[in-house]
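See structure below.
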Amino acid sequence: MNAVPNSPVGRAPLMSLDHAMADLLGRVEALTSIETVATFDADGRVLAQDLVSALQVPPHDNSSMDGYAVRAADVTEPGQVLRVSQRIAAGHASAPLEPGTCARIFTGAPMPAGADAVVMQEDTVEVGGDIHAVHIHAVPEAGQWVRRAGEDVTRGAVVLARGERLSPTSLGLAASLGLAQLSVLARPRVALFSTGDELVMPGEVPPEAMKPGAIYNSNRFFLRALLRRMGCEVSDLGIVPDQRGATLAALKTAADHHDLILTSGGVSVGEEDHIKPSVQQLGSLDLWQIGMKPGKPFAYGTVRRDAGAGAAATQACHFIGLPGNPVSSFVTFLLLVRPFLLRLQGVPANRIHALPPATTLPAHFTVARADKRREFLRVRRNAAGGLDLFPNQSSGVLTSVVWGDGLVDNPAGTTIAHGDPVSYISFAELLA
Ligand code: AMP
Ligand code: MG
């Protein structure tokens with residue numbers, strides 16, 4: 001644990017984000033169930049096995065231009081005339097090139113044996129308008145405009161490794177090896193619920209009829225969407241009332257059939273809420289005070305499963321309690337829950353970083369008062385190549401993360417002057 005300088009005597013020191021991250025990742029083991037899915041449906045899933053290429057890509061030398069395939073040595077000076085001895089379109093076989101001739105060829109078509117270069121169409125003129133012979137106006141170099149067999153993938157190569165999270169382009173690469181199906185890790189099953197008696201679901205009460213103190217449940221919407229983006233199967237248990245019985249019941253049922261229970265709200269210190277005692281009663285709970293802003297309160301624990309939950313089931317379900325303030329909830333999801341879910345899905349721990357590499361950009365704002373916690377400021381890149389700060393950095397102001405396109409990772413105790421270089425992390429990288 002990293003103590004924060006000047007932390008008031010008697011108060012537990014805050015845990016550093018890096019420490020929290022390492023601790024959290026140390027508590028999770030990758031799911032073991034594997035399933036086979038269509039390559040079309042595998043975006044965002046994690047590979048359960050190495051993909052080894054059974055072929056080379058491209059399978060044969062082919063032309064990267066529309067033009068004429070030649071033996072480079074046959075063309076020694078510009079303006080030479082060659083007879084066109086065959087025509088080769090993409091997807092069609094070619095015959096060996098007759099010596100002293102050229103072959104009409106199109107992009108992607110296999111090179112005829114004996115040819116070693118392509119002269120692009122623009123450097124040729126048909127002789128007397130006849131398509132059977134051409135003037136070659138540029139002397140070719142051997143290998144020009146030829147894509148070599150295996151230049152993308154060689155036979156036997158590990159093209160994508162086990163534990164790799166698939167992206168749209170990796171699906172294309174798998175398809176180029178002829179793979180219509182892929183073996184991937186099971187989706188994490190996540191039970192999501194919100195706590196707080198002040199919460200009302202949009203659609204249930206119109207804005208004009210909201211009771212004093214009531215607010216709409218916004219966390220539920222972005223947490224559910226974030227979980228889905230992370231490849232989870234989400235059971236949305238809605239708003240669980242602030243009552244012990246209801247909380248216990250929700251946790252118990254969720255534990256048997258899920259890998260993770262994720263809640264928002266009710267994890268601040270000293271708060272009278274039902275999550276803490278309920279998780280403690282059904283398993284164990286560690287409340288963490290993380291040295292970050294927003295997002296200080298964070299809870300991790302486990303909830304025991306019923307003996308009848310299935311022989312394959314492990315003994316307990318993971319529990320993560322996020323803070324209720326929407327911005328805190330969002331930021332702790334990105335920095336802690338996201339890596340946790342990657343690990344659960346089988347991404348190796350050494351490939352998981354709580355924070356993607358930061359870019360250094362100039363601050364076009366000031367932070368006059370240093371915070372004693374490491375702060376993640378909501379900012380946006382501007383046209384001048386700098387960063388603007390959202391004026392209201394309160395952890396309840398969700399507009400800041402919608403207006404912003406990223407975070408500035410500002411070390412504890414640091415002020416920022418206009419023009420200072422700061423570490424910027426784009427949301428795009430954290431949401432990918
Ligand atoms: P808590 O962590 O429960 O103390 O909540 C902190 C703040 O976040 C309070 O102002 C809550 O009203 C608010 N809050 C808690 N849950 C939600 C939610 N699901 N949607 C929007 N605001 C919430
Ligand atoms: Mg609450």
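The values are calculated or read from the model by the stated rules, or taken from the named source; none is laboratory data. Everything numeric here is computed off the predicted structure, so don't read it as measured data. Quick reminder, even Gly has a Cβ in these numbers, built from the backbone with ideal geometry, and neighbours come from all protein chains shown. Ligands, DNA and RNA are excluded from the accessible area calculation, which covers all protein heavy atoms including side chains. Shrake-Rupley method; radii C 1.70, N 1.55, O 1.52, S 1.80 Å.
From the residues 416, 146, 64, which one has its Cα farthest along the dipole of the chain in the positive direction, the dipole being from +1 and -1 charges on Cβ of Lys/Arg and Asp/Glu about the Cα centre?
Value: 416.
Helix-only estimate, please: 222 nm mean residue ellipticity of the chain, summing -39500 (n - 2.57) across DSSP H runs of length 4 or more and dividing by its residues, to the nearest 500.
Values: 9 runs with 76 residues, N = 432.
It lands at -5000 deg cm²/dmol.
Relative contact order, percent, of the chain when contacts are C-alpha pairs under 8 Å separated by at least 6 residues? Don't skip to the answer; put the middle values down first.
Values: 947 pairs, mean separation 66.2, N = 432.
With pairs under 8 Å counted, the relative contact order is 15 percent.
Which whole-number value in Å² is the accessible area per residue of the chain, probe 1.4 Å? Don't skip to the end; give the middle numbers.
Values: 20330 Å² over 432 residues.
Heavy-atom SASA per residue in the chain reads 47 Å².
Name the long-range amide H neighbours of residue 153: under 5 Å, sequence gap of 5 or more, or other chain; modelled H, no Pro or chain starts.
57
About the Cα centre of the range 1-138, what is the dipole size in debye to 20, counting +1 per Lys and Arg Cβ and -1 per Asp and Glu Cβ, all else neutral? Before the final figure, lay out each step's value.
Details: 7 positive and 17 negative charges, 64 e Å.
The calculated dipole for the range 1-138 is roughly 300 debye.
With the dipole of the chain worked out from charges on the C-beta (+1 for Lys and Arg, -1 for Asp and Glu) around the Cα centre, which of 131, 355, 396 lies farthest toward the positive end?
Going by the charge dipole, the pick is 396.
Return the tail of the calculated pair distribution for the range 168-298, meaning the percent of Cα-Cα pairs more than 18 Å apart. Intermediate results must be reported in sequence, preceding the final value.
Details: 5511 of 8515 pairs.
Summing the P(r) tail past 18 Å for the range 168-298 gives 65 percent.
Distances longer than 18 Å among the Cα atoms of the range 26-87: what percent of all pairs is that?
On the way: 1278 of 1891 pairs.
It works out to 68 percent of all Cα pairs.
Quick one: compute the contact order of the range 215-366, relative version, from alpha carbon pairs under 8 angstrom and 6+ residues apart, as a percent.
Working: 200 pairs, mean separation 32.8, N = 152.
It comes to 22 percent, rounded to a whole number.
In whole angstrom, how long is each semi-axis of the equivalent ellipsoid of the chain, when you take the square root of 5 times every eigenvalue of its Cα gyration tensor and sort them from largest down? Before the final figure, lay out each step's value.
Values: eigenvalues 684, 154, 73 Å².
After diagonalising the Cα gyration tensor, the semi-axes are 58, 28, 19 Å.
Suppose R0 equals 22 Å; then what is the FRET efficiency for residue 138 and residue 107 from their Cβ-Cβ distance, rounded to the nearest 0.05? Working shown, then result.
Details: r = 18 Å, r/R0 = 0.81.
E between residue 138 and residue 107, to the nearest 0.05, is 0.75.
Using the Cα centre as the reference, give the magnitude of the dipole from point charges on the C-beta atoms of the range 189-337 (Lys, Arg: +1; Asp, Glu: -1; all else neutral), rounded to the nearest 20 debye.
380 debye
On the accessible surface of the chain, probed at 1.4 Å, how many percent belong to carbon and sulfur atoms?
Working: 10710 of 20330 Å².
Reported share for carbon and sulfur atoms: 53 percent.
Would you kindly state how much longer the chain becomes between residue 189 and residue 76 on full extension, computed as 0.36 nm times their sequence separation minus their alpha carbon distance, in nm to one decimal? Please report the intermediate quantities before stating the final value.
Details: separation 113, 0.36 × 113 = 40.68 nm, distance 6.75 nm.
Length difference between fully extended and current span is 33.9 nm.
Using the Cα centre of the chain as the reference point, and only Cβ charges (+1 on K/R, -1 on D/E), how large is the resulting charge dipole? Debye, rounded to the nearest 20.
Numbers: 36 positive and 42 negative charges, 283 e Å.
With Lys and Arg at +1 and Asp and Glu at -1, about 1360 debye.
Please give the length that would be gained between residue 125 and residue 358 if that part of the chain were fully extended, namely 0.36 nm times their separation in residues minus their C-alpha to C-alpha distance (nm, one decimal). Don't skip to the end; give the middle numbers.
On the way: separation 233, 0.36 × 233 = 83.88 nm, distance 5.35 nm.
Using 0.36 nm per residue and subtracting the Cα-Cα distance, I get 78.5 nm.
Mind ranking 421-429, 346-354 by how tightly packed they are, going by the mean number of other C-beta atoms within 10 angstrom, highest first? Before the final figure, lay out the partial values.
Values: 421-429: 16.4, 346-354: 14.8.
Ranked by mean Cβ neighbours within 10 Å, highest first: 421-429, 346-354.
Packing-wise, with mean Cβ within 10 Å as the measure, how do 326-336, 121-131 rank, highest first?
Numbers: 326-336: 24.8, 121-131: 12.5.
Per-residue mean Cβ counts within 10 Å order the peptides as 326-336, 121-131.
Can you find, among 167, 88, 340, the residue farthest towards the positive end of the dipole of the chain? Put +1 on the C-beta of Lys and Arg, -1 on that of Asp and Glu.
Most positive-ward Cα: 340.
Please work out how much length the chain gains when fully extended from residue 418 to residue 54, using 0.36 nm per residue of separation minus the C-alpha to C-alpha distance, in nm with one decimal. The partial results should precede the final answer.
Values: separation 364, 0.36 × 364 = 131.04 nm, distance 5.61 nm.
Taking residue 418 through residue 54 to full extension adds about 125.4 nm, to one decimal.
Can you give the angle from 0 to 90° between the axis of helix 17-26 and the longest principal axis of the chain, with both taken from C-alpha atoms, to the nearest 10?
80 degrees
Decide, for the range 305-432, between rounded, prolate and oblate: order the square roots of the alpha carbon gyration tensor eigenvalues as a ≥ b ≥ c, take rounded if a/c falls under 1.5, and otherwise choose prolate if a/b is larger than b/c, else oblate. Show your work: numbers first, answer last.
Numbers: a/c = 2.73, a/b = 2.17, b/c = 1.26.
Note, shape of the range 305-432 comes out prolate.
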